[in-house]
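What follows is a single structure, written as structure tokens, with notes after it.
The values are calculated or read from the model by the stated rules, or taken from the named source; none is laboratory data. Values in this document were obtained by computation on a predicted structure and should not be read as measured data. Cβ sites come from the backbone with ideal geometry, for glycine too, and all protein chains shown count toward neighbours.
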Amino acid sequence: MHTSNAPVWTANTIDEALRLRAEHPDATIIAGGTDLMVFVEGGAVQLIEVLNIWGCEGMSGIEANEKGIRIGALTTWAEIARHPSMPDALRECANTVGAAQIQNRGTVGGNIVNASPAGDSLPLWLALDAEMEVASIRGSRRIKASDFWVGYRKTALEADELLLAIHIQTDVRDRLYYRKVGTRMAQAISKVMLGGRLRIENGIVTEARVALGSVAATPIRLMTVESSLIGKAIDSAAADLVAQEITPIDDIRSTAEYRTSVATRIIRSWLESEAGQQ
């Protein structure tokens, strides 16, 4: 078993967390710890110094109003799954994150800032056009989900910044969808994930978001597929364009051919289902 004697600073308020982050920009952040402690236990991560924000007041909870929904970065997946203001697709996503133990400890923000290509929620934030509220002692700003993940396990966060919350907006015209494909029905690392959103007006698609995870170094939107859907009734033939937009890799969990085939199939299945509801 690997352990650590790294010094730990604990923040109880946002101001304290931002101050400590500015003073220790190289410190490893820990919240729920469901990913980090696995890496430490396996010897993949050596802790030099740690900033604990798990109990930080003001960084958890869900606020919903007419302008949208604000989800604190320390909100757990169990809270997402049972909150009545959450879109069904986001609750579905929450229920696929590990098992009950992980859902009660793992945080939404941790899933986002870890920036794993297999991060369960990442494609859905793209489909939702989410905005990430980040802050430092210099001030706060928002980063669009489409600009947040900049490379393999890399984000647009500056060294002194923390993710405080995620902002989403819902619309009655939207049809939101989530699908995760893994080796098992539960407690599985994803092989392919789909986050989709169609905005329908008078039977015509006016806006489309089709995002995939686990098929590239970052979650990606399929722009060609999206463009082919807009301006007409839902057409599942758009799924035929998937292979033109992704170049997944072979790894220990799956092959590139499998990922491309599955991505195409789940997008076609989703579109066919939505078309059948017209």
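Quick look at the values:
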item: Residues located in segment 61-94, provided they are charged (D, E, K, R) and either surrounded by fewer than 20 Cβ atoms within 10 Å (Cβ to Cβ) or within 22 Å of residue 161 (Cα to Cα) (or both); result: 63, 66, 67, 70, 82, 88, 91, 92
item: Residue 121, sole failed condition from (1) more than 30 Å from residue 19 (Cα to Cα); (2) at pLDDT 95 or above; (3) not hydrophobic (A, V, I, L, M, F, W, C); result: (1)
item: Evaluation of residue 113 against (1) in a helix (DSSP H, G or I); (2) farther than 28 Å from residue 250 by Cβ (one fails), failing number; result: (2)
item: The listed residue being in contact (Cβ under 8 Å) with a residue 40 or more places away in the chain, within 30 Å of residue 250 (Cβ to Cβ) and not assigned by TED's automatic domain parsing to the domain that holds residue 90, out of 183, 224; result: 183
item: Of all residues in segment 118-167 being crowded, with 22+ Cβ neighbours inside 10 Å and in contact with a Pro (Cβ under 7 Å, 6 or more places away or on another chain), the one that is farthest from residue 179 (Cα to Cα); result: 149
item: Any hit, segment 192-213, residues being among the β-branched types (Val, Ile, Thr), touching a residue at least 60 places away in the same chain (Cβ under 8 Å), under 20 Å from residue 146 (Cβ atoms) and not assigned by TED's automatic domain parsing to the domain that holds residue 151; result: yes
item: Subset of segment 71-93 [of a type in the set (A, V, I, L, M) and either in contact with a strand residue (DSSP E or B) (Cβ under 7 Å, 6 or more places away or on another chain) or closer than 20 Å to residue 133 by Cβ (or both)]; result: 71, 73, 74, 80, 86, 89, 90
item: Segments classed as helices (runs of 4 or more DSSP H), wholly inside segment 195-278, with at least 2 members that are basic (Lys, Arg); result: 256-276
item: Subset of segment 142-165 [within 20 Å of residue 107 (Cα to Cα) and part of a helix (DSSP H, G or I)]; result: 145, 148
item: Answer residue from segment 24-51, given it is in contact with a Phe, Trp or Tyr (Cβ under 6 Å, 6 or more places away or on another chain) and assigned to a loop (DSSP other than H, G, I, E, B) and is surrounded by the fewest Cβ atoms within 10 Å (Cβ to Cβ) among those; result: 45
